[in-house]
Structures are given as C-alpha cells and as structure tokens.
C-alpha cells in the first residue's frame, strides 16, 4: 500500500459515524450487516449512511454484496490488513518481534507465531 491509499483509508475512518460503522462491522465479522440494519443500529438516516458506506468502500476497507433486496456490507479483510500493515510495517526499526506488546494490547489473547499468521493462544 502506498501513502496515498493509506491516507484515503485513514481518512475514511476519521469521522465518527464511519468509525462507529467500521467497528460495528468488525464485530459482525464475515456475516456482515445490511445497510438498513446498520442505519437502525446506529440511529443514522439511511441516505446519510449510504454516503458514509460509499466512502469506506471506495477507501478499500469495506466491501458490499447484494443479497436479495438488501446490500450487505462487510469488512474488506485484505484492504484493512493492508492499511494496518502500512501503519506498522516499520515497527521497532524493522524488528516486529520487539512489538509483541503492541500486538498483545491490540489483540488480547492472540499471538503472532513464527509463520507470520496470527493464532489464538
């Protein structure tokens, strides 16, 4: 990921409703949530939410899929991972093993094993 795309991703999260939406969808995981249900859960008008969702999809941190009459939104795992990797790629002067406390604080109960896949303790 380059700096321009990172700024786009972080900019998409730099607004309260979008940040709340993103956090809600993180909790929902791969199941996602229909746009109308997101609007109801957050108490946001659907047309306002639609604009926010479009910004986050355009930034590559959310994805959408039509399911019947609804559009279901989910976290774009690849886009979100790229954004977080960009933020932390030079952590601890290129020695990410020195940043375990950062990962432990962000993901309690998870540990990054030597094969670079985050796994449950």
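Each value in this text was obtained by applying a stated rule to the coordinates, not by laboratory testing. Predicted model only: the values in this text are computed from it and were never measured. Quick reminder, even Gly has a Cβ in these numbers, built from the backbone with ideal geometry, and neighbours come from all protein chains shown.
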Inter-probe distance in nm under a simple model that places probes 7 Å from Cα toward Cβ, at residue 85 and residue 20: 3.2 nm
72, 31, 7, 44 arranged by Cβ crowding within 10 Å, fewest neighbours leading: 31, 7, 44, 72
Cα shape, region 27-67, gyration tensor, a/c 1.5 rule: oblate
For the chain, calculated [θ]222 nm from helices alone, where every DSSP H run of n ≥ 4 adds -39500 (n - 2.57): -16500 deg cm²/dmol
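With 10 angstrom as the radius, rank 85, 80 by how many other C-beta atoms surround their C-beta, starting from the fewest.
Final ranking by Cβ density, sparse to dense: 85, 80.
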Gaussian network model of the chain, springs between alpha carbon atoms under 10 Å - residue of 11, 79, 94 with greatest fluctuation: 94
Relative contact order [Cα under 8 Å, 6+ residues apart], the chain, whole percent: 22 percent
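Report the full-extension gain for the segment residue 104 to residue 71: residue separation times 0.36 nm, less the Cα-Cα distance, to one decimal in nm. Working shown, then result.
Numbers: separation 33, 0.36 × 33 = 11.88 nm, distance 3.44 nm.
Extra length from residue 104 to residue 71 when fully extended: 8.4 nm.
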Segment residue 7-residue 50, length gained on full extension (0.36 nm per residue, minus Cα span): 13.4 nm
Structure-derived volume of the Cα convex hull per residue in Å³ - corresponding label in (i) 103; (ii) 87; (iii) 122: (iii)
Footprinting exposure proxy for 28, 18 (fewest neighbouring C-beta atoms within 10 Å first): 28, 18
